[in-house]
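The values are calculated or read from the model by the stated rules, or taken from the named source; none is laboratory data. In this text the structure is predicted, and so the values were computed from the model without any measurement. FYI the Cβ positions are ideal-geometry reconstructions off the backbone, even for glycines, and counts take in every protein chain you see.
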């Protein structure tokens with residue numbers, strides 16, 4: 001405890017156990033639990049020292065008695081599991097994010113879209129989803145290889161992020177397809193639609209600018225390529241309705257294909273009410 005808290009032995013003796021954890025109530029519950037069940041195994045707590053540094057510990061405890069079987073107290077051992085928790089977080093992060101762009105992947109997108117739709121039902125506000133597909137992406141891969149394509153996708157991800165708010169969601173749907181969720185736009189359809197189209201046009205313009213891609217080949221000089229790749233964008237507005245996630249994604253995808261069939265580098269809006 002001295003190592004975990006930065007306190008001296010004398011300071012700790014007689015002091016309330018719960019005061020040295022980030023959640024005093026949960027720490028106190030641990031003591032009650034061991035007194036009730038006589039034993040606690042792998043109960044997680046987070047200790048905090050005087051400097052504010054936190055250590056996640058696995059807390060194991062048991063009651064102990066004197067020779068006459070009278071309860072004397074609780075004996076506890078805390079094992080530092082900070083590294084294990086970080087590893088678990090990294091594993092979860094890898095499972096929910098695209099390895100190349102570090103954007104949320106399709107699995108996390110589904111979760112965030114569900115949260116957005118649930119929030120819209122509570123607030124009555126409109127939200128929007130945009131489906132983006134890159135135009136002229138395949139020629140870059142065919143001519144310069146997948147490494148050049150990967151660099152382009154990373155740059156595309158950064159450009160998309162720069163065009164939206166921090167509360168919005170940007171995800172890589174797969175290949176050269178991206179999805180953007182704009183949450184909590186407004187209570188009225190017309191201004192919400194205008195806001196959606198404004199962001200969509202901002203995205204279209206940002207992705208229309210030339211890409212300068214540079215990479216190094218082992219044993220060779222670095223290679224620099226300028227590539228022009230636009231995007232076809234399909235968008236849909238949704239609110240407190242009975243639409244499913246599949247409906248919203250399907251509508252945005254349909255609008256995106258309309259933009260692509262019209263020549264690409266365009267924005268198309270799908271109106272579910274039409």
Suppose we filter segment 226-244 for residues that are surrounded by 12 or more Cβ atoms within 10 Å (Cβ to Cβ) and assigned to a strand (DSSP E or B); how many remain? 9
Name the residue that is surrounded by the most Cβ atoms within 10 Å (Cβ to Cβ), counting only residues in segment 31-41 that are out of contact with any helix residue (DSSP H, G or I) (no Cβ under 7 Å at 6 or more places or on another chain) and assigned to a helix (DSSP H, G or I). 34
Determine, yes or no, whether residue 93 is part of a helix (DSSP H, G or I) and within 30 Å of residue 3 (Cβ to Cβ). yes
Pairs please, first residue from segment 1-30 and assigned by TED's automatic domain parsing to the domain that holds residue 57, second anywhere and part of a loop (DSSP other than H, G, I, E, B) and surrounded by fewer than 15 Cβ atoms within 10 Å (Cβ to Cβ), Cβ atoms under 6 Å, 6+ apart in sequence or on different chains. 6/50
Residue list for segment 123-136, filter: over 23 Å from the mean Cα position of the chain (by Cα) and either assigned to a helix (DSSP H, G or I) or farther than 27 Å from residue 113 by Cα (or both): 136
Going by the structure shown, is residue 166 in the same structural domain as residue 108 (by TED's automatic domain parsing) and under 18 Å from the mean Cα position of the chain (by Cα)? yes
Can you work out which of the residues in segment 86-101 that are surrounded by 15 or more Cβ atoms within 10 Å (Cβ to Cβ) and in contact (Cβ under 8 Å) with a residue 24 or more places away in the chain is farthest from the chain's Cα centre (by Cα)? 101
Pick from segment 252-267, criterion part of a loop (DSSP other than H, G, I, E, B) and in contact with a helix residue (DSSP H, G or I) (Cβ under 9 Å, 6 or more places away or on another chain), ranking: farthest from residue 197 (Cα to Cα): 265
Which one of these does residue 238 not meet: (1) within 14 Å of residue 270 (Cβ to Cβ); (2) more than 27 Å from the chain's Cα centre (by Cα)? (2)
Select from segment 200-225 the residues that are assigned to a helix (DSSP H, G or I) and touching a residue at least 60 places away in the same chain (Cβ under 8 Å) and write down the one among them that is surrounded by the fewest Cβ atoms within 10 Å (Cβ to Cβ). 201
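Residues checked against (1) touching a helix residue (DSSP H, G or I) at 6+ places or on another chain (Cβ under 7 Å); (2) modelled with pLDDT under 90; (3) loosely packed, with under 14 Cβ neighbours inside 10 Å; (4) not in a strand (DSSP E or B):
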| position | (1), (2), (3), (4) |
| --- | --- |
| 7 | no, no, no, yes |
| 11 | no, no, yes, yes |
| 29 | no, no, no, yes |
| 43 | yes, no, no, no |
| 47 | yes, no, no, no |
| 60 | no, no, no, no |
| 64 | no, no, yes, no |
Does residue 114 meet the test of being crowded, with 20+ Cβ neighbours inside 10 Å, assigned by TED's automatic domain parsing to the domain that holds residue 207 and over 22 Å from residue 202 (Cβ atoms)? no
Residue 80 fails exactly one of (1) modelled with pLDDT of 90 or more; (2) assigned by TED's automatic domain parsing to the domain that holds residue 245, namely (2)
Which residues, counting only those in segment 137-148, are assigned to a helix (DSSP H, G or I) and either outside the structural domain of residue 110 (by TED's automatic domain parsing) or in contact (Cβ under 8 Å) with a residue 24 or more places away in the chain (or both)? 140, 144, 147, 148
